[in-house]
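Each remark here refers to the structure printed beneath this line.
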Amino acid sequence: MSIKDFSFSEIMAKAEWLRRKWNLVPWQPTPEGFLAENEFAPLIGTICDEQIKSDDAWRFPEWLHSKIGTLELSKLLAVDYGKELEEFLKDRWPKRMHDNEKQKYIKKISKAIMNALNFFYKEKKTPVTMFENRPYKALEVYFTLRRIAGIGPKKANMITRDFIYRSLGITKSHAWFDQIKRKSLDFKVEDGNFLDMPIDVHVIKVFNRLFGRKHPNRKGWRSELPYHVQDILAFSKLVFPDLPIKLDQVFWTVGREYCDDENPDCARCLIAEICESARSK
């Protein structure tokens, strides 16, 4: 089965259910404290936040600070991030992460951090001062973030989403946004309805299972990334016409916490009631 096997009224019923239940999906804002007081800490944590546990990604900047004594840009540019990440993650790697995946992560993330820091060095700005004291349209924030070497489309999209949530009061704190707001009181993000949700393997997986399609492994979900993008974007607008990116919160949480590639935990899943794959078990 796939979305093509459902009538519009059946698709709409799933959309309405998700809209009603959205507030039940847990939301994890960036931690406050250290991250909220250091201009480069949220940037580094954001870049680290993939594949490993989010809590560990957000702890890395503070751990790094305790080791080198500062997060000033001049000092950060002298750090060997491959070495530091390897030391920090030594006992923190996800259990199912293979050695080759760990090395790919370290290589990719260390390069992304250094590229981002070099961008700010050349621009003579920080992640806070790069924004002016005025309202921004969502897509302007997105393309401003895309100028940062090391921030790809997905991360730029997610940061923009978090800024929108904070601007609307959906979340009560966000380390990066709140630092900008303290220096630029008029800063906020508007027109969030023009921002599409990011599409990744978790989103593809949950979307397909929601409509009854199955795949045996992660590689199968990844191969469909280009194929289902338009269907998912259209569905997100059906679920949340005011802010389509809100669907990412649901699908990402479900995909990461319950919808395992091979052994999904349908008994605890937040959307099992409307999931065709869960119903067929």
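For region 229-260, a residue qualifies if it is over 16 Å from residue 154 (Cα atoms), in a loop (DSSP other than H, G, I, E, B) and within 19 Å of the chain's Cα centre (by Cα), and the qualifying residues are 240, 243, 258, 259, 260. Scanning region 15-34 for residues that are farther than 19 Å from residue 270 by Cβ and either modelled with pLDDT of 90 or more or not in a helix (DSSP H, G or I) (or both) returns 30, 31, 32, 33.
Would region 56-71 turn up any residue that is without any contact (Cβ under 8 Å) to a residue 12 or more places away in the chain, surrounded by fewer than 17 Cβ atoms within 10 Å (Cβ to Cβ) and not in a helix (DSSP H, G or I)? Yes, some residue in region 56-71 is without any contact (Cβ under 8 Å) to a residue 12 or more places away in the chain, surrounded by fewer than 17 Cβ atoms within 10 Å (Cβ to Cβ) and not in a helix (DSSP H, G or I). In the condition set (1) outside any helix (DSSP H, G or I); (2) under 26 Å from residue 33 (Cα atoms); (3) touching a residue at least 24 places away in the same chain (Cβ under 8 Å); (4) over 19 Å from the mean Cα position of the chain (by Cα), residue 94 is compliant with all but (4). If you go through region 127-149 and keep only what is of a type outside the set (A, V, I, L, M), surrounded by 14 or more Cβ atoms within 10 Å (Cβ to Cβ) and within 11 Å of residue 180 (Cα to Cα), you end up with 127, 129, 131.
Scanning region 261-281 for residues that are within 22 Å of the chain's Cα centre (by Cα) and not charged (D, E, K, R), we see that the one that is surrounded by the fewest Cβ atoms within 10 Å (Cβ to Cβ) is 270.
With respect to the stated conditions, residue 75 is assigned to a helix (DSSP H, G or I), modelled with pLDDT of 95 or more and surrounded by 12 or more Cβ atoms within 10 Å (Cβ to Cβ). The number of residues in region 164-177 that are touching an Asp or Glu at 6+ places or on another chain (Cβ under 8 Å) and either surrounded by fewer than 19 Cβ atoms within 10 Å (Cβ to Cβ) or of a type in the set (D, E, K, R) (or both) comes to 3. Would you check if residue 161 is outside the structural domain of residue 271 (by TED's automatic domain parsing) and either touching a His at 6+ places or on another chain (Cβ under 9 Å) or surrounded by fewer than 22 Cβ atoms within 10 Å (Cβ to Cβ) (or both)? In short, no.
The values are calculated or read from the model by the stated rules, or taken from the named source; none is laboratory data. Computed from a prediction, not measured in an experiment: that's the story for all the values here. No Cβ is skipped: glycine too gets one built from the backbone with ideal geometry, and neighbour counts run over all protein chains shown.
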